[in-house]
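In what follows, a structure is listed as structure tokens, so that the remarks can point back to it.
The values are calculated or read from the model by the stated rules, or taken from the named source; none is laboratory data. In this text the structure is predicted, and so the values were computed from the model without any measurement. Glycine gets a Cβ as well: all are built from the backbone with ideal geometry, and neighbour counts include every protein chain shown.
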């Protein structure tokens with residue numbers, strides 16, 4: 001039985017992943033040696049500071065930790081200005097509110113970026129818990145800790161959550177926590193590994209139908 005619904009932000013609530021991947025390619029070229037072979041999709045869904053720790057273990061970084069963050073932060077407003085809200089998302093939230101389910105957001109994005117998205121899309125009061133990997137003292141995605149913490153905040157067990165994710169790292173995190181995991185693949189790159197998900201959905205309309213069906217007890 002689904003007792004709570006949790007959404008990732010980038011790539012689900014707003015279709016930013018395509019824009020972040022473009023920016024990440026340029027950022028990686030600036031931050032890493034010229035001969036690096038990192039695909040931007042490999043870091044999608046991972047908190048920026050954890051990206052730095054991962055990359056610095058393999059490469060001689062051309063920027064320090066804070067400069068790496070600043071490269072992303074400088075692009076944030078441009079990325080979120082271009083991104084569209086998931087089609088029908090307010091209607092979906094209204095339908096979930098009618099069912100009296102707690103709702104959450106679990107994201108690797110930074111609080112300032114969350115604020116930009118929420119203010120521009122009238123989402124400020126729509127969720128019972130909003131967790132940013134940047135503020136939580138636990139490992140971020142793809143580890144399950146963030147989803148375990150959001151379950152605690154919502155007063156449910158991780159296994160009682162329905163999670164909508166898009167990136168390979170996010171899907172892995174939600175599935176590892178034990179949540180029923182939908183991989184939203186409408187904007188996904190063909191090579192993304194969604195195999196840990198319970199199901200993969202490639203349209204906003206189908207996502208809304210399936211979330212409400214699962215909440216209402218469908219198999």
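Worth pointing out:
- Residue in region 154-163 that is under 23 Å from residue 88 (Cα atoms), within 13 Å of the chain's Cα centre (by Cα) and buried (at least 22 other Cβ atoms within 10 Å of the Cβ) present: yes
- Flag for residue 38 being touching a helix residue (DSSP H, G or I) at 6+ places or on another chain (Cβ under 6 Å), under 28 Å from residue 144 (Cβ atoms) and at pLDDT below 95: yes
- Hits in region 1-27 - residues which are under 20 Å from the mean Cα position of the chain (by Cα) and farther than 29 Å from residue 99 by Cα: 17, 18, 19, 20, 21, 22, 23, 24, 25, 27
- Of the set (1) under 17 Å from the mean Cα position of the chain (by Cα); (2) touching a residue at least 24 places away in the same chain (Cβ under 8 Å), all apply to residue 68 but (1).
- Residue match in region 115-134 (condition: assigned to a helix (DSSP H, G or I), in contact with a helix residue (DSSP H, G or I) (Cβ under 6 Å, 6 or more places away or on another chain), surrounded by fewer than 16 Cβ atoms within 10 Å (Cβ to Cβ) and touching a residue at least 24 places away in the same chain (Cβ under 8 Å)): no
- Qualifying residue in region 203-210 (condition: over 24 Å from residue 52 (Cβ atoms) and free of Cβ contacts under 8 Å to residues at least 12 places away in the same chain): yes
- Condition met for residue 150 (under 17 Å from residue 7 (Cβ atoms) and either in contact with a strand residue (DSSP E or B) (Cβ under 8 Å, 6 or more places away or on another chain) or in the same structural domain as residue 8 (by TED's automatic domain parsing) (or both)): yes
- Matching residues, region 76-88, being out of contact with any strand residue (DSSP E or B) (no Cβ under 8 Å at 6 or more places or on another chain) and surrounded by fewer than 18 Cβ atoms within 10 Å (Cβ to Cβ): 77, 78, 81, 82, 87, 88
- If only residues of region 23-52 that are free of Cβ contacts under 8 Å to residues at least 12 places away in the same chain and in a helix (DSSP H, G or I) are counted, the one that is nearest to residue 191 (Cα to Cα) is 42.
- When the test is whether a residue is at pLDDT 90 or above, more than 15 Å from the chain's Cα centre (by Cα) and over 27 Å from residue 194 (Cα atoms), residue 98 passes it.
- Identity of the residue in region 167-201, over 16 Å from the mean Cα position of the chain (by Cα) and farther than 14 Å from residue 143 by Cα, that ends up surrounded by the most Cβ atoms within 10 Å (Cβ to Cβ): 198
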